[in-house]
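The block underneath contains the structure these notes are about, expressed in structure tokens.
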Amino acid sequence: MGKKSRNKRNQSEKLKIDSNPGCRWSIAILDVPKKLDFELPRNEDIISSMHDDILSHVISFLPFKSAVQTSFLSTRWKDVWKRNFPERKGTIDEAFSAISSFLHGRCDRYSEQKPTSNWGFIFNLGKRSFITVAAEPDTALQLDFSNVKHELPWRFDWFLDIDGPSYNTLFFNKPSSFSITVKSLHLKSVSCTFSGAVSSMMTDFKFLESLTIENFHGLRSLTLDAAGNSRLKKLTILDCQQLESLNLDAYSLQSLRFRGKLLSFQRGYGSTDWFWPWPADFDLVDAMFDFRQGPHCSNLGSCGFRSFFRSYKDVKSLTLCGWIFEPLIYPTLQLHPFGWGFEFKRLVELWWIDYAKNKFNSDALISFLKHCPRLTRLYITIDPKSYRRTNTMTDYSVEVASVPRLKDLKVVKLEGFPNEKEEIILAKRLKQEFQVEPLIIAKSNYLNCARLVVKTPDIHELLKEGEGSYKFIEVRVEHLYDLCPKHLHMYI
């Protein structure tokens, strides 16, 4: 009888993974096999294997926003929703005239037939150059120049003046007859050739709330003047490889997202470092600084990021790269202009991107977490292609009134770690530094499964040194999103 009981216990052990009671991430997993003696189904995506025409037809029944979001599913789905756009032909000037007419909902002489898609069209400039136009009426506009042959890829400086409300809007609360109601604008692969026309077109966008600039060719510096526009709330700059400097005069911003090389930052017409000469701070809700491509300037101390970053202490969602901690963030945490302890008191979700080959050095991360007392979700991505900077410091200790317990930290999601041992070491260190044991989730190779770090229930293993008190288990989950939704910036 005793032998049968032991066999039964070896086949299945009852585990309970506890988070804070009442938390949406709290789960209970019972009767999980200690060793999987069956083959779990691998991730197979049958829908993605369908032909483009079928997928495009299916997507055509979705709302515009949902159709655009299908591009984030995988590289296979990228731009499938645009495949059946009707084609028009003409010159560059005619292209922008057609865009204006399309936005106003009028038929123009450049369309030979009624469009089969209400979302947009492709404008053929000749010589295998195409502009893709996609729009949702009175809401969003996307202009994609990535299929245009740029014969003169000159570097250029772009001054973008986003005007405030028109006279009729300001005094009579109604749209101007000369304005176009576009709230969200996404510009992709614009070059020097088209920058002037795009700037002129944007003067009619008096209601612009969100601007995305992606993969511009030859863009060297960007100056955005939106001081008179209280509507602009969101600015996103992605993969502009030659961009060296950014000057912002837009104090109404609530979201600033940047992905690319670390560049020179400046706000308004003030100094670029150490002091706060500006009349007002940003009131940001989220900020993304994905600098995994490395620095654009050799002198990191003069890039202006330290003073720029210092004004983001009230963000709720933040993305950072580990390599910038020592030269740029640590001095900010160590020296505060008014002698107060620097804390991100409203930060609830952090995405930390770092480099590791065989071992993950968590010193910088742990030091930063000591200034995030309200953190709820922590995402750690190890990217082997990320820029690696050799650190010169061995001690990142910063004077704080008291080390927070991170009692609100519910879940930690790990991605790309070199091995399970490094993941378990991190779990131990979180326990050691903050007296917290959040739900730690890592990706599984099996369908509807996840790897979770748990304490082993075996008393003999608990007495072992090293990583014996923790281990990973494969568990079935219906929806991994319910355990840990993606970070806000992972959808970009």
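The values are calculated or read from the model by the stated rules, or taken from the named source; none is laboratory data. Because the structure is predicted, anything quoted here is derived from the model rather than measured. Here Cβ is always computed from backbone atoms with ideal geometry, including for glycine, and neighbour counts include all displayed protein chains. Just the protein is used for accessible areas: all its heavy atoms, side chains included, with ligands, DNA and RNA removed. Shrake-Rupley method; radii C 1.70, N 1.55, O 1.52, S 1.80 Å.
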Hits in the stretch 311-330 - residues which are crowded, with 22+ Cβ neighbours inside 10 Å and either at pLDDT below 85 or in a loop (DSSP other than H, G, I, E, B) (or both) | Val315
Run Tyr110 past the list (1) modelled with pLDDT of 85 or more; (2) in contact with a helix residue (DSSP H, G or I) (Cβ under 8 Å, 6 or more places away or on another chain); (3) open to solvent by 20 Å² or more (accessible area, probe 1.4 Å) and report the number of the one that doesn't hold.
-> (1)
Answer yes or no as to whether Lys443 is buried (at least 16 other Cβ atoms within 10 Å of the Cβ) and at pLDDT 80 or above.
-> no
Odd one out for Gly339, checked against (1) at pLDDT below 80; (2) of a type in the set (Gly, Ala, Ser); (3) open to solvent by less than 40 Å² (accessible area, probe 1.4 Å) | (3)
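Just to verify a result, which residue in the stretch 404-440, among those that are β-branched (Val, Ile, Thr) and open to solvent by less than 70 Å² (accessible area, probe 1.4 Å), is modelled with the lowest pLDDT?
For the stretch 404-440, the residue satisfying everything is Val436.
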Flagged in the stretch 407-436 as of a type in the set (D, E, K, R) and touching a residue at least 12 places away in the same chain (Cβ under 8 Å), in numbering order, are Lys407, Asp408, Lys410, Lys413, Glu415, Glu420, Lys421, Glu422, Glu423, Lys428, Arg429, Glu433
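Which one of these is surrounded by fewer than 21 Cβ atoms within 10 Å (Cβ to Cβ), of a type in the set (Gly, Ala, Ser), outside any strand (DSSP E or B) and modelled with pLDDT of 90 or more: Ala356, Ala401?
Details: Ala401 fails: modelled with pLDDT of 90 or more.
One residue alone meets the criteria, Ala356.
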Number of the condition not met by Leu73 [criteria: (1) open to solvent by 90 Å² or more (accessible area, probe 1.4 Å); (2) at pLDDT 75 or above] = (2)
If Thr456 passes every condition in (1) open to solvent by 50 Å² or more (accessible area, probe 1.4 Å); (2) at pLDDT below 85 but one, which one does it miss?
-> (1)
Reported set for the stretch 213-258 where residues are polar (S, T, N, Q), in contact with a strand residue (DSSP E or B) (Cβ under 9 Å, 6 or more places away or on another chain) and farther than 23 Å from Lys149 by Cβ is Ser221, Thr223, Thr236, Ser245, Asn247, Gln254, Ser255
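Please specify each residue of the stretch 219-234 satisfying the condition of being assigned to a loop (DSSP other than H, G, I, E, B) and either open to solvent by 20 Å² or more (accessible area, probe 1.4 Å) or over 17 Å from Thr203 (Cβ atoms) (or both). Walk me through how you get there before you give the answer.
From the stretch 219-234, those assigned to a loop (DSSP other than H, G, I, E, B) are 226-233; that's our starting set.
Result: Ala227, Gly228, Ser230, Arg231, Lys233.
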Selected residue (criterion: farthest from Asp283 (Cα to Cα)) from residues of the stretch 204-218 that are part of a strand (DSSP E or B) and open to solvent by less than 10 Å² (accessible area, probe 1.4 Å) | Ile213
Given the conditions (1) aliphatic (A, V, I, L, M); (2) under 19 Å from Ala98 (Cα atoms); (3) modelled with pLDDT of 90 or more, every one holds for Leu211 apart from (2)
By residue number, the members of the stretch 294-310 that are open to solvent by 10 Å² or more (accessible area, probe 1.4 Å) and either closer than 24 Å to Lys234 by Cα or not in a helix (DSSP H, G or I) (or both) are Pro295, His296, Cys297, Ser298, Asn299, Arg306
With (1) at pLDDT 95 or above; (2) open to solvent by less than 20 Å² (accessible area, probe 1.4 Å) as the list, and Trp351 as the residue in question, which single condition is left unmet?
-> (2)
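Residues being at pLDDT 60 or above and either open to solvent by 30 Å² or more (accessible area, probe 1.4 Å) or assigned to a loop (DSSP other than H, G, I, E, B) (or both): count how many of those fall in the stretch 262-280.
Here the count works out to 4.
Please determine, by comparing only the residues of the stretch 359-371 that are surrounded by fewer than 19 Cβ atoms within 10 Å (Cβ to Cβ) and assigned to a loop (DSSP other than H, G, I, E, B), which one is farthest from the chain's Cα centre (by Cα). Please lay out each step first, then the result.
Of the residues in the stretch 359-371, the ones surrounded by fewer than 19 Cβ atoms within 10 Å (Cβ to Cβ) are 359, 361, 363, 366.
Checking the rest, the ones that are also assigned to a loop (DSSP other than H, G, I, E, B) come to 359, 361.
Values: Lys359: 25, Asn361: 23 Å.
The qualifying residue farthest from the chain's Cα centre (by Cα) is Lys359.
Every residue, every condition in (1) open to solvent by less than 40 Å² (accessible area, probe 1.4 Å); (2) at pLDDT 50 or above; (3) in contact with a strand residue (DSSP E or B) (Cβ under 7 Å, 6 or more places away or on another chain), yes or no:
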| residue | (1), (2), (3) |
| --- | --- |
| Leu30 | no, no, no |
| Val58 | no, yes, no |
| Phe64 | yes, yes, yes |
| Ala95 | yes, yes, yes |
| Lys127 | no, yes, no |
Kindly check whether there is at least one residue in the stretch 4-26 that is assigned to a loop (DSSP other than H, G, I, E, B), within 27 Å of Arg377 (Cα to Cα), modelled with pLDDT under 50 and touching a helix residue (DSSP H, G or I) at 6+ places or on another chain (Cβ under 7 Å).
-> yes
